[in-house]
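The structure appears below as structure tokens.
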Amino acid sequence: MYHILEFLRKYYYILIFIVLEIISFWALFRFNNYQGSVWLTSANSTTAKINRLYYDIATYWHLGEVNRKLTSENLRLQQEAHALREALLDQKVEGTFLDSITRTSISGYQYIDAKVIVNSDGKKNNYIVIDKGANDGITRDMGVICGNGVVGIVCITGPRYSLVTPIINKHSNISCRIRGERHFGTLQWDGKDCRYVYLDEIPRYAKIKKGSIIETSGHSSVFPPGLYVGKVNSVNDSPDGQSFRLKVELGTDFLTTRDVNIVITPYKAEIDTLQLYANRAYTDEPS
């Protein structure tokens, strides 16, 4: 208490000056129309700037959620478009029946949102770490995709994180096809430019041109059919000259990809069990 009184005694004239200044400004803006209007205009402008700053900050913090929603919506639209293309290629159908085909085609797949934690882009055997693991239902050999295309396949899972083998890894092999042609081959990376991969084993009678869309074939339980992978950059002969080798420009930019989705196929376990049984049976079969 003594220190407070001593402070007031020492600086009372400054405090009185401040109080009088406040009263003067209040009287000036309160009883003079011009000064009052200037004050209101300035105050409103300042308030608007503060509100705009708050809105920009709030929008920035919600960008992650917006991006995740856009990614999921983009994947859903890709699958619906694929179902429609397949139906139109097969036959002419009525709208109601076409809608049922679409719902049936996309009903078996679910997606789990995840974020890229580590990205080793720039190596020959690249890898990606995502922030979802066994505790979230992630298992080995699940496909990983983003809004711009295919990312890779889960190879190892931990309780909270998973390791992904991206398509820009020399050990990656994914079955893909040319949209509208149904010719499929194996997608592989040559270990050089992360923007391009190669699709091999395409028959020479296939109708291919620069810019043709490359998509997942659906010939496995990892990826749904019709997901965008990239577009043909050039058409070349395979080393043996028996087929085409397509240079594919990837849709996924691995330098900037942060939000991804893990594909869950409910019947994957059944398919894998049948494939394992078939491999054992045919391997053990006497020649």
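When you count the other C-beta atoms within 10 angstrom of each residue and take the mean per peptide, 187-194, 164-171 line up highest first as 164-171, 187-194. Computed from the Cβ-Cβ distance with R0 of 22 Å, the FRET efficiency linking ASP190 to VAL235 stands at 0.85.
Remark: the LEU15-HIS219 segment gains 65.3 nm on full extension, using 0.36 nm per residue and subtracting the alpha carbon distance. Per-residue extension of 0.36 nm, minus the Cα-Cα distance of TRP26 and LEU255, leaves a gain of 76.7 nm for this segment. A full extension of the chain between GLN242 and ASN125 corresponds to an added length of 39.3 nm, given 0.36 nm per residue minus the alpha carbon distance.
Database remark: amide H of SER172 closer than 5 angstrom to the amide H of TRP189 (H placed geometrically; neighbours at sequence offset of 5 or more, or on other chains; Pro and chain starts carry no H). For LEU5 and LYS115, the FRET efficiency from 1/(1 + (r/R0)^6), where r spans their Cβ atoms and R0 equals 41 Å, is about 0.10. Over all directions, what mean area does the Cα convex hull of region 167-267 project, stated in square nanometres? Hull-based average projected area comes out at 6.9 nm².
Read-outs throughout are calculated quantities, based only on the coordinates presented, and are distinct from any laboratory measurement. Small disclaimer: the values here were computed from a predicted structure and weren't measured. FYI the Cβ positions are ideal-geometry reconstructions off the backbone, even for glycines, and counts take in every protein chain you see.
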